[in-house]
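Engineer: Structure in structure tokens, see below.
Each reported figure results from applying straightforward, stated rules to the coordinates on display, with no laboratory input. Predicted model only: the values in this text are computed from it and were never measured. Because the Cβ atoms are built from the backbone with ideal geometry, glycine has one as well, and the counts that use them run over all protein chains shown.
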């Protein structure tokens, strides 16, 4: 069979090392690095991806010394006695025929501990401690510490190291005037600001020899004020090449930047043009990254010569078999990353172990094991939302005979609504993936068919799983029955029927989604990259410091009020890494977000509210209810009278604070244990 992606699967030969394909599993901190028993789990995590054919794996960041910690007692490689832990990881990957590099990361002012050091004593807006300005002697020590970490990495068996020089960490901090105000030979001129990166690379080369892979993650656009401009980035890249770097990996934006770079609303491959420009000015391979999820994307940019390799991180949380499935052309079987950030980045920033919403086994490969059942059962599942679909696919794959009933004619439940929100279109791919999983595992689908308890009893089911999901909660507000009031399902399904002035009751995740949908300006697909750059003020030529320009005003054509009963922060329960994006987007569109609202009554001419003790009429054409959910009751109450087990999962079990992660993971856990 002809390989459908010849450029992806073209080997890259660097002389002393040969990569079997052009796919790099990019660096991700998983939280396993510091967790109890985490090294064994981390080894299994990487080994599974290596077994499935990833060309090169790059670990999460490892500090070269304690000032470089991301958090107290973070993973560090600074003494020989720590080598054996790393050797577990390396050996596990090598046994599967894989190649792995260790990323050396010094957090600089991004560290969450009191020992932080940076080029200048300027506090980061995203970490609690003001750093000490690094004295000259400690800069020299840090150079040696990077070299020692690389030397020890080689002793552990790593195939190379990646030096983290982007995303606003220490080396990036030295490079950018934004954080480097020094007057000595480590600051001021471009030559001085890039000195630390170059001396570290030279020290690593000196300590490890010529046959050890050195990758440098270079910031191609900082997206902070007083960041680097393009000619400085080119100068650093060419100097790094001369210093002995083998591969340049693309870094995009700083963590403190107020420009989204990896969330779902970022167009796919948005920053590939920067990698293409870098490739034109160096003679070593360059790596494209950020919002590249599908083999068709990777193949296209490689074919067009925009990069030599493609790095993906979160897609390998979602599906460890991405490479092997692509090699066989089984792209329909790939579980795509939906860039929700909910279970990966949000958890990491809370100090927890990462996971994946759409793949409950991510980082749990040795814990959440699926084994064939010893006692096959005939199981009826009622409701084909994500909880029901995941349960069905999981239970059937173990050998159970599963029949899935859905009274509607479509699969996916709430994900069908989510996929209609701008930036969440990938949610439809998750439905398609689990549909394929169910087909492969032999699940019997009964669409547009009501579940009949009596008939089910006669058909001899051994267990019933109720996954009927949720429905919008209707609050007790006078006038709620008026014709210009609709729930969020109606609003998402028919946004064209909503007038120019709208009030949204409820500012949770669904309320924000509806506000984003109703305030969006329609942009043709071919113009989405340009619209994204204009909206967020991104200069892809990086002629301005940090690549920032004045954002274009993009006020919504609708007048939208997003209302919240509580007095706290709007959308306080939104994701840590995406909530600020939603709030800022709505502000830039002119959406009025009001907290501390009492709902007095709904009138034919609008919504009467009380704000700060003052009665006010919001003259709106429509009112959309996003005031929470409640379980959908579609199963007769006599179900529990059946002499067989009945399991309730997802929103049918508990609609309060329901999120897709809980629904999916509950379906998976019951499916692997039933």
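Engineer: Mind sorting 16, 216 by how few other Cβ atoms lie within 10 Å of their own Cβ, fewest first?
Structural biologist: Details: 16 13, 216 29.
If I rank by nearby Cβ atoms, fewest first, I get 16, 216.
Engineer: Indicate, rounded to the nearest 5 percent, the antiparallel portion of the DSSP beta bridges found entirely in the chain. Kindly include the intermediate steps, with their values, before the conclusion.
Structural biologist: Details: 17 of 82 bridges.
DSSP beta bridges in the chain are roughly 20 percent antiparallel.
Engineer: Per q in 0.08, 0.11, 0.12 Å⁻¹, report the Debye log10 I(q)/I(0) for the range 12-349, using one uniform scatterer on each alpha carbon and no solvent.
Structural biologist: Taken in order of the listed q values, log10 I(q)/I(0) reads -0.33, -0.65, -0.79.
Engineer: A further question on this structure: Could the peptides 491-502, 342-353 be put in order, highest first, of the mean number of other beta-carbon atoms found within 10 Å of their residues?
Structural biologist: On the way: 491-502: 15.7, 342-353: 18.1.
Output ranking for 491-502, 342-353: 342-353, 491-502.
Engineer: Test of understanding: ordering 604, 441, 197 by Cβ neighbours within 10 Å, fewest first, what list do you get? Present the calculation step by step, with values, prior to reporting the outcome.
Structural biologist: Numbers: 604 8, 441 17, 197 24.
The most exposed by this proxy come first: 604, 441, 197.
Engineer: Sort 644, 233 so that the residue with the fewest other Cβ atoms within 10 Å of its own Cβ comes first and the one with the most comes last. Don't skip to the answer; put the middle values down first.
Structural biologist: Values: 644 16, 233 24.
The most exposed by this proxy come first: 644, 233.
Engineer: Moving on. Does the range 485-629 classify as rounded, prolate or oblate by the C-alpha gyration tensor (a ≥ b ≥ c root eigenvalues; a/c under 1.5 gives rounded; else a/b over b/c gives prolate, otherwise oblate)? Provide the component values of the computation, followed by the final result.
Structural biologist: Numbers: a/c = 2.22, a/b = 1.74, b/c = 1.27.
It comes out prolate by the Cα gyration axes.
Engineer: Once Rh for the range 127-226 is found with the Kirkwood sum over Cα pairs, what is the Stokes-Einstein diffusion coefficient at 20 °C and 1.002 mPa s, in µm²/s?
Structural biologist: Working: Rh = 14.4 Å.
It diffuses with D of about 149 µm²/s by this estimate.
Engineer: Here's a follow-up. Which whole-angstrom value gives the distance between the alpha carbon centres of the range 517-557 and the range 291-337?
Structural biologist: After rounding, the separation between the Cα centres reads 26 Å.
Engineer: Something else about it: Roughly what angle does helix 427-441 make with the longest principal axis of the chain, taking Cα atoms, 0 to 90 degrees, to the nearest 10?
Structural biologist: Helix 427-441 and the main axis of the chain meet at about 80 degrees.
Engineer: Oh, and also: Take each of the peptides 540-553, 405-418, 153-166, 182-195, average the number of other beta-carbon atoms within 10 Å over its residues, and list them starting from the highest.
Structural biologist: Values: 540-553: 17.1, 405-418: 19.9, 153-166: 23.7, 182-195: 15.4.
Put in order of decreasing packing, that is 153-166, 405-418, 540-553, 182-195.
Engineer: State, as an integer percentage, the relative contact order of the chain based on alpha-carbon contacts under 8 Å between residues 6 or more apart. Display every interim value, and only then the final one.
Structural biologist: On the way: 1511 pairs, mean separation 80.8, N = 674.
Computed value for the chain: 12 percent relative contact order.
Engineer: Using only DSSP helix segments of four residues or longer, with each worth -39500 (n - 2.57), what per-residue ellipticity at 222 nm results for the chain after dividing by its residue count and rounding to 500? Could you put the intermediate results ahead of the total?
Structural biologist: Details: 21 runs with 207 residues, N = 674.
When only DSSP H runs of four or more count, the value is -9000 deg cm²/dmol.
Engineer: Which angle between 0 and 90 degrees, to the nearest 10, do you get for helix 230-243 versus the longest principal axis of the chain when only C-alpha atoms count?
Structural biologist: 60 degrees
Engineer: Would you mind pulling out the separation of the Cα centroids of the range 358-397 and the range 234-283, in Å?
Structural biologist: Each part reduced to its Cα centre gives a spacing of 39 Å.
Engineer: Something else now. Compute the helix-to-body angle for 386-397: its Cα long axis versus the longest principal axis of the chain, expressed 0 to 90° and rounded to tens.
Structural biologist: Computed tilt is about 80 degrees.
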